[in-house]
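Visitor: Sending over a structure as structure tokens; questions will come in a sec.
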Amino acid sequence: MIKGIAHVALYTAKFEETIHFYENVFQAKVFGYFKTDVRACWLLVGDSILEIFESDDYNEGGFKHIAIECDDVDELFHDALNKGAQAHVYPKDITLHLNETINARIAFIKGINGEQIELFEKKK
């Protein structure tokens, strides 16, 4: 039985700075540090886990994007910009026609590694 995605891993040359960025912008909490051949950390972001690996091979972040669900895209977007993120796609409303129609407000920022972070607010 599939339960969902256990975690998403981000590879970065800016290990400590990346942890602080996610703590500062998304209220992430350090769940613990560990070491493989490099330093690594699990961060709790809401109910999800973001795994950070230190790697010089990924100067711009090692995934296309992750989506952070929130209550207010506009507020989080501007807060993230004030805390070091870069604007990528300004907040906008979208409608997805899947098995059900989903109305949402989204925006994209770039984190300190150049990684894309989608801000996602599901509308009723």
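Readers should treat all values here as calculations from the given coordinates under stated rules, not as data from a laboratory. Owing to the predicted nature of the structure, the values given are computational and were not obtained by experimental measurement. Cβ: placed from backbone, ideal geometry, glycine included. Neighbour counts: every protein chain shown.
Visitor: Relative contact order of the chain, please, whole-number percent, based on alpha carbon pairs below 8 angstrom and at least 6 residues apart.
Guide: 25
Visitor: Something else about it: Would you mind getting me the FRET efficiency between Phe31 and Asp93? Use the beta-carbon distance for r and R0 = 35 Å, nearest 0.05.
Guide: The calculated FRET efficiency here is 0.55.
Visitor: What number, rounded to the nearest 500 deg cm²/dmol, is the helix-based mean residue ellipticity at 222 nm of the chain, given -39500 (n - 2.57) per DSSP H run of at least four residues and division by all its residues?
Guide: Estimated from H runs of four or more residues: -5500 deg cm²/dmol.
Visitor: Also: Can you pull the Kirkwood radius for the chain, inverse mean 1/r over Cα pairs, to one decimal in Å?
Guide: 15.2
Visitor: Continuing with this model, one more query. So what are the ³J(HN,Hα) numbers for segment 38-55, from phi and the Karplus equation (6.51, -1.76, 1.60; θ = phi - 60°), rounded to whole Hz, Gly and Pro as x?
Guide: Calculated HN-Hα couplings, in order: 9, 6, 8, 8, 9, 10, 8, 10, x, 9, 10, 10, 10, 9, 10, 10, 7, 7 Hz.
Visitor: OK, next. Any idea what angle helix 15-26 forms with the longest principal axis of the chain, computed on alpha-carbon atoms, 0 to 90 degrees, nearest 10?
Guide: Long axis of 15-26 versus the principal axis of the chain: about 30 degrees.
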